[in-house]
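This report concerns only the one structure given below.
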Amino acid sequence: MRKHLYRTLIIYAVLLIAAIYVYPTIGWMTLTDAQRTERLERWKQEDASTEKLGYWAENTRLFKRYLEYDRDWVINLGLDLQGGVEMIVGIDYEKLDPNIKKHYTDSGYTDADILKELQETVKQRIERRANEFGTKEPIIQTMGDRQIQVQLAGEKDVERAKELILTTAYLTFQIVAGPEAQKEVLKAIDAHFNGDFTKRLQRPGPGEEQLIQVPLEQIEKVREMVKEAESVAGLIPDDVVVAFSRAPKPGEPQHYKIYVLEKETIMTGDGLTMAYARPDEQSGAGRWQIGFGLNAEAGRVFGDKTEANINRAMAIVLDGVVESAPNINDRISTSGVITGNFNPEEARDLAIALNSGSLPVPVIEDRTGIVGARLGEDSIRNGVVSCLIGIVIVFIGMTAYYHAVGFISCIAVLFNGLLILASMAYMGATLTLPGIAGLILTLGMAVDANVLIYERMREELRLGKTLTAVIAGGYSHAFPAILDGHVTTLISGIVLLQFGSGPIQGFAVTLTIGIAASLFTSLTVTRGIIDFLVAKKLLTKITMFSLIPSGTKIPFLKQRTWLSPLTVLVVLIGLGYFAVRGEDNFGVEFTTGTNVVLNIDSQEQVDIAAVRSQIESAGFDEPTVTAYEQSNVESRNQFMIHVGEAEKQSTEGTEVTAVKSVDQRMQESLVSLAGGDASKVVVERVDMVGPAVGAQLKWDAVSAVLWATVFIIIYLWFRFELKFSVGAVAAMLHDVCITIGIMSMLGREVSLGVVAAVLTVVGYSLNDTIVVFDRLREDLRLMRGRGMSLLEIMDKAINETLSRTLLTSTLTLAVVIVLLIWGGSVIFDFALVLAIGIIVGTYSSVYIASPIVYWWQKYIAKLGPSQVAGGGDSGPSGRYRRRRQRDDGPHTDDPAKKEKELLV
């Protein structure tokens, strides 16, 4: 009883914690855009306040914010699900540091080569910043030869996004010139402007830092005057520069400080190894500082320079702005702090910029806007409705087939979904379409785990056992298959998380969380509910519908002799077709494409689905259509359309028709949505963009899958035997190849959604195969010494798991078919891959994985352990085989008895 009490308390505790973390997300989804904006602005002002709150006041404020659905607790959505900020960043090549340019030209670079190198470097640095900022799976693409397109999911705070992206983050440490030097420089500037300069400055007041100040109303004019003075040869000495402090914050003295610094830097940020934000305990008032660390060489140089300037002021300069200028009291080597009037948000953003590295060239903001969800509001809505319909179908199917315990499994699946969402909220994870794919896989495995338990209960019922024994036997006998299936999938998730990037990681995060949640709900939650109902006598017997009669003996493996060669042929044809099709296999995320921003002048609201349909009718495959809103510009029916490179001309007979550009074809296709008036379809800009998925992400995906395969082989070798691991991996590769081959032959393209669906197919394939192998392992042990051949035992194992295989596949396929029919064109390929993968995965566990195990035992294992590494004599069944050989003597070489030689 005490064990049950502890289990019950754990279940309730987990449920409560999950509800606490999911509450803000559910509440946030119910708010209007206006309500969200108002709360975000109010919270931002609270965070910027310099008022120092006590412990209870601070926690009361945070609790009130939680009750209002604190945005920091809400699950983030990716660009494909909610849209975000789009910024076009230009490279200011003319302002490139002459020393950097000279380095390139000395190495034989042309201007075009330098631009290309700078564009790629800036793209990588911005991508690193966006990832560290917490924006998961940003879309960052090269555009032309001097621009970069940046899209950040959900980051509707445009100004903060600008500061993050446009900050060069060039850090220098410079000694502040002495009072006399400062006086001479300011005097020279004042003389140049006939006494009009110093009268715009002011002396520090009593108790203030002894630096010349610039009032707010004078700062622009003073900057202009300093800039002009710098352009006059010899006016300002070559060994010093004039700099200003950062802008004052509300509540601070409203003036800037002006500094005269020695031009020679004693250290730059090149040797920086880390930067981190932390509260500034000395200043108080809620201020923060940035701690930093330097590598050994930079620390040695910094130590020598600071030691030589003890008792002098050292300015910490970021992008030409003096953040602070503390006195050097002692030698500083490999660590230090940047102090200033930073609030928490500013400190964190600055640390991110420093960690990601300084940009090698100044960048400018060309334009900024707000983009809608890449999948489109219509596709998201259709997808959500389709998923809900699919879940209802699964629940009805489980309840109809397994009656009371089937309904209990439905409760567990809902609990599983709650745990996944709560974990994502706790971790600050981002939910995207690949993440939803991982969610679908784990929910499918949660259903399958319950099916395995209930099928084992069915077997116990047939033996006439008591209710308690039936329940205990069902869970204990199903546990090995559930554990192996989940651990194998977990290995895949962890490896993908470690070696993958972008959408691969998004899939891996939800998969890893979901596997842990599935194990808990299927083994603990359902058992707790069933035990409770039995104890209260609310469940007195277990009944269930039977699809496959007991003792079914379908000779599945008899068909292997012709099905396996046929399967190999289909795989080769599919891969051959994929290879011949080449680059045409890949969608717009993987290829160079065209971005078109256009406006449809119509009094009616134009639906995104209608725009997408018209663009597709013009011959563009799988275009990405999103709503677009340029910053500070009011517009209606404005869209951003992204397509892959299309044919520029067509032929009619032997004549070539007039060449039409991408934007012209789009314009013509959308005329019907503008009342037939072509002048009302206004193309505002056309840009060539690079692939959203870079070479690094492709390589990360390939290496992640390869490493996952290696670890899966090792685990299955440990749990079963080498032949079983080879069979499972072969079935997995078969499923992927068949799925990709069929998609290629259907003329479909590989998109990020398709990649996510293929990864789901991998998980489904492994789980399906392991269920069969687990039963085979058990039957090999039970049937030992009964004169049955390996072929007969394998058929027996497949028949015993047939009911589970059919039910799980049917229910999962039902959800996918609903997505295919009602999900819309954008997620059609995603659903199509899942449908193909489920069918092929069910087939491969019987006709690929099992025959490979049989052939390995029949041909390779006979070579003996001395000739084949990891041959068939490893593992438990190998020990049984060797024991039988000792007892019965060697087998005959008579070919007529070859099948009967594979006795266990």
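The values are calculated or read from the model by the stated rules, or taken from the named source; none is laboratory data. All figures in this text were calculated on a predicted structure; none of them were measured in a lab. FYI the Cβ positions are ideal-geometry reconstructions off the backbone, even for glycines, and counts take in every protein chain you see. Please note that ligands, DNA and RNA were not included when accessible areas were found on the heavy atoms of the full protein model with its side chains. Shrake-Rupley method; radii C 1.70, N 1.55, O 1.52, S 1.80 Å.
Can you send over the carbon and sulfur percentage of the accessible area for the stretch 556-613, probe radius 1.4 Å, protein chains only?
Working: 1850 of 2970 Å².
Using a 1.4 Å probe with all protein chains present, the stretch 556-613 comes out at 62 percent carbon and sulfur.
Please label the shape of the stretch 487-609 as rounded, prolate or oblate, based on the square roots a ≥ b ≥ c of the eigenvalues of the alpha-carbon gyration tensor (a/c under 1.5 means rounded; beyond that, a/b larger than b/c means prolate, else oblate). Don't skip to the answer; put the middle values down first.
Working: a/c = 2.14, a/b = 1.38, b/c = 1.55.
Verdict is oblate for the stretch 487-609.
Ignoring ligands and nucleic acids, what accessible area does MET732 show with a 1.4 Å probe (Å², nearest 10)?
10 Å²
If Lys and Arg each add +1 and Asp and Glu each add -1, what is the summed charge of the other residues whose beta carbon sits under 9 Å from the beta carbon of GLN638? Please list the in-between numbers first.
Details: positive: ARG636; negative: GLU629, GLU684.
Neighbourhood net charge equals -1.
Quick one: Karplus J couplings for the stretch 612-619, per residue in order, coefficients 6.51, -1.76, 1.60, θ = phi - 60°, nearest Hz, x for Gly and Pro?
Here the 3J(HN,Hα) series is 4, 4, 5, 5, 5, 5, 7, x Hz.
In whole percent, and with a 1.4 Å probe on the protein chains, what portion of the accessible area of the stretch 368-456 is carbon and sulfur? Don't jump to the answer; show the numbers that get you there.
Working: 2190 of 2740 Å².
Percent of accessible area from carbon and sulfur atoms in the stretch 368-456: 80.
On full extension of the chain, what length is gained from LEU746 through GLU220, given 0.36 nm per residue of separation minus the C-alpha to C-alpha distance?
Values: separation 526, 0.36 × 526 = 189.36 nm, distance 6.27 nm.
Taking LEU746 through GLU220 to full extension adds about 183.1 nm, to one decimal.
Rounded to the nearest 10 Å², what accessible area does THR339 show when all protein chains are kept and the probe is 1.4 Å?
Probe radius 1.4 Å; accessible area of THR339 about 40 Å².
Report the net charge of residues surrounding ASP92, where surrounding means a beta-carbon distance below 12 angstrom and charges are Lys +1, Arg +1, Asp -1, Glu -1. Write out the running numbers ahead of the final one.
Numbers: positive: LYS95, ARG146; negative: GLU94, ASP97, GLU365, ASP366.
That works out to -2.
How far apart, in nm, are the 7 Å Cα→Cβ label points at THR268 and ASP72?
Each label point lies 7 Å from its Cα, and together they span 3.6 nm.
Could you give the length gained by full extension between LEU5 and THR110, i.e. 0.36 nm per residue of separation minus their alpha carbon distance, to one decimal place? Please list the in-between numbers first.
Working: separation 105, 0.36 × 105 = 37.80 nm, distance 7.47 nm.
30.3 nm is the gain from fully extending LEU5 to THR110.
Using the heavy atoms of the protein chains and a 1.4 angstrom probe, tell me the accessible area per residue for the stretch 270-350 in square angstrom.
Working: 3800 Å² over 81 residues.
Normalised by residue count, the accessible surface of the stretch 270-350 is 47 Å².
Taking the simple approach of a point 7 Å from Cα along Cα-to-Cβ for both ASP621 and PHE532, what is their distance in nm?
5.3 nm
Count charges around LEU766 for me, please; just the other residues with Cβ under 10 Å from its Cβ, Lys/Arg as +1, Asp/Glu as -1. Please list the in-between numbers first.
On the way: positive: none; negative: ASP484, ASP735, ASP768.
With Lys, Arg at +1 and Asp, Glu at -1, the neighbours total -3.
Run the numbers on the stretch 4-76 and let me know its relative contact order in percent, using alpha-carbon pairs under 8 Å that are six or more apart. Display every interim value, and only then the final one.
On the way: 23 pairs, mean separation 42.0, N = 73.
Relative contact order of the stretch 4-76: 58 percent.
Round to the nearest 0.05 the FRET efficiency obtained for SER564 and GLN282 when R0 = 56 Å and r is the Cβ-Cβ distance. Working shown, then result.
Values: r = 74 Å, r/R0 = 1.32.
E(calc), rounded to 0.05, equals 0.15.
Give me the extension gain from LEU483 to VAL580: residue separation times 0.36 nm, minus the current Cα-Cα distance, reported in nm with one decimal. Present the calculation step by step, with values, prior to reporting the outcome.
Working: separation 97, 0.36 × 97 = 34.92 nm, distance 4.14 nm.
Between LEU483 and VAL580, full extension yields an extra 30.8 nm.
Enter the accessible area per residue of the stretch 4-76 (Å², integer; probe 1.4 Å; all protein chains in place). Before the final figure, lay out the partial values.
Values: 5060 Å² over 73 residues.
Dividing the accessible area of the stretch 4-76 by its residue count gives 69 Å².
Accessible area of THR812, 1.4 Å probe, to the nearest 10 Å²?
Here the residue's solvent-accessible area equals roughly 30 Å².
Could I have the simple spin-label model distance between LYS101 and LYS680, label points 7 Å from Cα toward Cβ, reported in nm to one decimal?
Simple spin-label model gives 5.0 nm for this pair.
Peptides 839-850, 211-222: what's the order by average Cβ count within 10 Å, highest mean first? Let's see the in-between values first.
Working: 839-850: 24.1, 211-222: 15.8.
Listed from highest to lowest mean packing, they are 839-850, 211-222.
Hey, if we sort ARG203, ARG71 by accessible area with the 1.4 Å probe, largest down, what's the order? Spell out each step's value before the answer.
Details: ARG203 190, ARG71 55 Å².
Output order, biggest surface exposure first: ARG203, ARG71.
As I understand it, the dipole of the stretch 4-76 uses +1 on the Cβ of Lys and Arg and -1 on the Cβ of Asp and Glu, about the Cα centre. Which of VAL22, ASN76, TYR12 lies farthest toward its positive end?
TYR12
On the protein heavy atoms, probe 1.4 angstrom, tell me the percent of accessible surface of the stretch 171-358 carried by carbon and sulfur. Provide the component values of the computation, followed by the final result.
Working: 4530 of 9320 Å².
Within the stretch 171-358, the accessible surface is 49 percent carbon and sulfur.
With a 10 Å radius around each residue's Cβ, average the other Cβ atoms per peptide and rank 598-606, 86-94, 721-729, highest first. Each step should come with its number before you reach the end.
Details: 598-606: 15.0, 86-94: 18.8, 721-729: 24.9.
My ranking of the peptides, most packed first, is 721-729, 86-94, 598-606.
What area, in nm² and to one decimal, does the C-alpha convex hull of the stretch 171-358 cast on average over all directions? Can you show the working numbers first?
Working: hull surface 44.2 nm².
Averaging across all directions leaves 11.1 nm² for the Cα convex hull.
Taking Rh as the Kirkwood radius computed over C-alpha pairs, what is the Stokes-Einstein D of the stretch 4-76 at 25 °C in a medium of viscosity 0.890 mPa s, expressed in µm² per second? Intermediate results must be reported in sequence, preceding the final value.
Numbers: Rh = 14.2 Å.
Using the Kirkwood radius from Cα pairs, D works out to 173 µm²/s.
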